[in-house]
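Read the structure below first, then the notes.
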Amino acid sequence: MLPNVHRYLLFPATLAVFPLCAIAGEVSLSGQASVKYTPDSARLQFTANAEHSLPETATRRVNEQMEQWRAGISDYRDQLGSYSDASVNLYSRSIPSQERSQKPEKVAVASQTVSFTIDDLSLLNPILEQAQALGMDYNVGPHQFFHSDESSLRKQALAGAIADARARCEFVANELEKQCGEVININIDGGYQPPVPMMAEMRASSDTVSDVGPRELTSRVSATFELE
């Protein structure tokens with residue numbers, strides 16, 4: 001079972017290094033802050049596949065696999081968000097013949113894809129085990145993990161970046177024996193930077209996930225203040 005840990009920490013940028021452009025009565029500078037957090041949710045996708053010379057047989061086998069899937073996840077079904085298994089595909093492909101004189105053999109390929117989100121990562125391994133038992137295809141990577149309240153994280157990072165810009169202004173003003181005044185203008189540079197994994201996103205053992213690593217979301221601003 002994965003720990004459900006939510007920690008939000010702000011890390012203002014060091015005051016010792018910053019771009020500075022000052023004119024009479026004004027100072028322009030930047031601010032930056034980061035929020036560290038651990039993802040608590042995931043977007044998952046699984047695909048059932050079957051091949052046969054007859055399309056109806058390939059389709060039947062996929063249907064049977066999907067019935068087993070639905071039965072296997074019945075205990076978790078109410079906890080799966082945005083659930084969809086409506087993606088169905090049927091096509092044929094050619095298998096090259098070992099003999100040049102023979103025509104390539106055609107087989108029918110049927111597939112059905114299931115997609116959903118979970119906001120309780122303790123469900124992840126039981127669901128993966130069910131998919132493995134049925135031979136379903138899937139991939140679990142860093143891009144599939146996220147935080148359920150990312151908008152609040154962005155606001156925290158942005159608030160920290162603004163506070164960092166104000167702190168830099170006050171530092172500069174103090175060095176010049178002035179006071180940091182009102183904001184003349186501010187650019188939030190899109191408000192935040194995409195979340196960045198800080199270490200290995202997950203550690204896997206026997207096709208199960210044992211740990212999801214922390215991430216860091218950074219916001220930057222540039223601002224011009226009055227110097228009084």
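Ordering 165-171, 222-228, 94-100 by mean Cβ neighbour count within 10 Å, with the highest value first, yields 165-171, 222-228, 94-100.
Sorted on the mean count of surrounding Cβ atoms within 10 Å across their residues, most packed first, peptides 118-127, 33-42, 102-111 read 33-42, 118-127, 102-111. Within the straight-line cut-off of under 16 Å between alpha carbons, the lysines reachable from Lys36 are Lys155, sequence neighbours fewer than 8 places apart in one chain being disregarded. Among the protein heavy atoms of segment 41-146, carbon and sulfur supply 43% of the accessible surface, probe 1.4 Å, non-protein parts ignored. Per-residue packing, averaged as other Cβ atoms within 10 Å, sorts the ranges 152-164, 68-80 into the order 152-164, 68-80, beginning with the highest. Its Cα centre serving as origin, segment 41-146 has a Cβ charge dipole (Lys and Arg +1, Asp and Glu -1) of approximately 500 debye.
The values are calculated or read from the model by the stated rules, or taken from the named source; none is laboratory data. These numbers come from a predicted model, not from an experiment. Please note: Cβ atoms are built from the backbone with ideal geometry, for glycine as well, and neighbour counts cover all protein chains shown. SASA here: full protein model, heavy atoms, side chains in, ligands and nucleic acids out. Shrake-Rupley method; radii C 1.70, N 1.55, O 1.52, S 1.80 Å.
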